[in-house]
Amino acid sequence: MIAAHDGAFIVTGASSGIGKAVAWELGRHGMKLVLNARTADRLEHVGSEMREAGLTVSWVAGNATLAPVADRLVAEAVRLEDFRGFVHCAGVARPGPFLWELSVDEFVEVTEASYGAAYQLVRAAFPVLLKQGGGIAVFVGSGSAELTVRGLCAYSGAKAAEEHLARNLAEEAPEITTIIFRPGVVDTPMQAQARAARGGAGESVRRMFRGIKERGELISAETCARALVAIMTENPRRFHGKIARPEDAGPWEKTSSLK
């Protein structure tokens, strides 16, 4: 279990959506943070806002699928002292095109954002955490890892690979609490991209995700983050090597005070 007011965590995908909300929620609980995203100006904006709010925050812009970026993230977290783990929120979906319509670069971008970056974080962080006696590694998965959805083939495959990586890590490094967190349908930029999808399966993707919004099924990124942090701070070990969902957090406070 992580203490409520100490420890440094890395959060990827922290410039928007779930990653940004998770960063704010961890900071609200007193965690020190190292933020990561590919878009430097947006990441700096989030980090600066959090510092202005009195939170201990650093950031490293760049693609976490690159070894030097992952190494810098861990080094910065160690510098902040009491490095406790990471939450891997980064992801790219490219919704709409059939798999064969994606360019090689687009396919690599989707698969590496989830799976490749997960490997790099593990490679850089796990030796440090194991030497310290443990920590927490959270991988943000997706229900699409078990579904067949036209126009999301690469993303679904990447999330399935990431989730299976996490399950295996739970066996390989039992000292580190490894959790797969499936957030459900969250109101994020990725959802907006799906509602405007193009490509061979664009129409069916648009219809599916517009329907989710019209039926009021989306939850806010802030609500999702509050649930995840509740899980992380209240006996996270029960989800070691398993899937956790927002409803598993119990009666956490749903009214968010996040920016």
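Here, each number is a calculation from the coordinates, and none is a lab measurement. Everything quoted here is computed from the prediction, not taken from an experiment. Every residue, glycine among them, receives a Cβ derived from its backbone with ideal geometry; neighbour counts consider all protein chains shown.
What whole number of Å gives the distance from the Cα centroid of region 204-229 to the Cα centroid of region 17-84?
Going from one Cα centre to the other spans 25 Å.
Choose one answer from Ala40, Ala124, Ala14: the residue with the largest mean-square fluctuation in a GNM of the chain with alpha-carbon springs under 10 Å.
Comparing Ala40, Ala124, Ala14 in the GNM, the peak value goes to Ala40.
Hey, could you get me the Stokes-Einstein D for region 28-81, Kirkwood radius over alpha-carbon pairs, 25 °C and 0.890 mPa s, rounded to whole µm² s⁻¹?
215 µm²/s
So what J values fall out for region 213-220 if you push phi through Karplus, 6.51 cos²θ - 1.76 cosθ + 1.60 with θ = phi - 60°, rounded to Hz, Gly and Pro as x?
In residue order, the calculated couplings are 5, 5, 7, x, 8, 6, 10, 6 Hz.
What value in Å³ per residue do you get for the convex hull of the alpha-carbon atoms in region 95-151? It would help to have the intermediate numbers written out before the result.
Working: hull volume 4.7 nm³, N = 57.
Hull volume over Cα atoms, normalised by residue count, gives 82 Å³.
Amide H of Gly7: which non-local residues (sequence gap of 5 or more, or other chain) have their own amide H closer than 5 Å, using H built in the peptide plane?
Sorted by chain and number, the residues that satisfy this are Lys32.
To check my understanding: the extent here is largest minus smallest coordinate of the Cα atoms along each principal axis. What are those three numbers for region 106-259, in Å, largest first?
Largest to smallest, the principal-axis extents are 50, 38, 26 Å.
Rank Gly133, Gly202, Gly27 by mean-square fluctuation in a GNM of the chain with C-alpha springs under 10 angstrom and give only the top-ranked residue.
Of the options given, Gly133 has the highest mean-square fluctuation.
In square nanometres, what is the average projected area of the Cα convex hull of region 1-50? The partial results should precede the final answer.
On the way: hull surface 12.6 nm².
Over all viewing directions, region 1-50 projects a mean Cα-hull area of 3.1 nm².
Work out from phi, with θ = phi - 60° and the Karplus expression 6.51 cos²θ - 1.76 cosθ + 1.60, the ³J(HN,Hα) of each residue of region 17-30, listed in order in whole Hz, and give x for Gly and Pro.
Result, ordered by residue: x, 4, x, 4, 5, 5, 4, 4, 5, 4, x, 4, 8, x Hz.
Could you tell me what % of all Cα pairs in region 62-159 have separations over 21 Å? Could the numbers behind the result be given before it?
Details: 1843 of 4753 pairs.
Summing the P(r) tail past 21 Å for region 62-159 gives 39 percent.
As an exercise, identify the GluC sites (Glu not before Pro) in region 80-128 lying in DSSP coil whose Cβ has no more than 16 other Cβ atoms within 10 Å. If you can, show how the numbers build up before the last one.
Details: sites: Glu81, Glu101, Glu106, Glu109, Glu112; in loops: Glu81.
Those satisfying the criteria are Glu81.
Based on the Kirkwood radius over alpha-carbon pairs, what value in µm²/s does the Stokes-Einstein equation return for the translational diffusion coefficient of region 149-222 at 37 °C and 0.692 mPa s? Working shown, then result.
Working: Rh = 14.2 Å.
Here the translational diffusion coefficient equals 232 µm²/s.
Report D for region 50-107 in µm² per second (integer): Stokes-Einstein, Kirkwood Rh on Cα pairs, 10 °C, 1.306 mPa s.
Numbers: Rh = 14.4 Å.
In µm²/s, the coefficient rounds to 111.
Computed from the coordinates I sent, Rg/Rh (Cα atoms, Kirkwood Rh) equals one of (i) 1.20; (ii) 1.02; (iii) 0.95. Tell me the label.
Identified label for the calculated read-out: (iii).
Treating only the Cβ atoms of Lys and Arg (+1) and Asp and Glu (-1) as charged, compute the dipole magnitude of the chain about its Cα centre; round to the nearest 20 debye. Don't skip to the answer; put the middle values down first.
Numbers: 30 positive and 30 negative charges, 93 e Å.
Charge dipole of the chain: 440 debye, to the nearest 20.
As a check on your grasp of the helix formula, calculate [θ] at 222 nm for the chain: sum -39500 (n - 2.57) over DSSP H runs of n ≥ 4, divide by the residue count, round to the nearest 500. Walk me through the intermediate numbers first.
Working: 9 runs with 116 residues, N = 259.
That calculation yields -14000 deg cm²/dmol at 222 nm.
Could you tell me which of Met208, Gly134, Ile176 has its Cα farthest along the dipole of the chain towards the positive end, charges placed at Cβ (Lys, Arg +1; Asp, Glu -1), taken about the Cα centre?
Towards the positive end, the residue furthest out is Met208.
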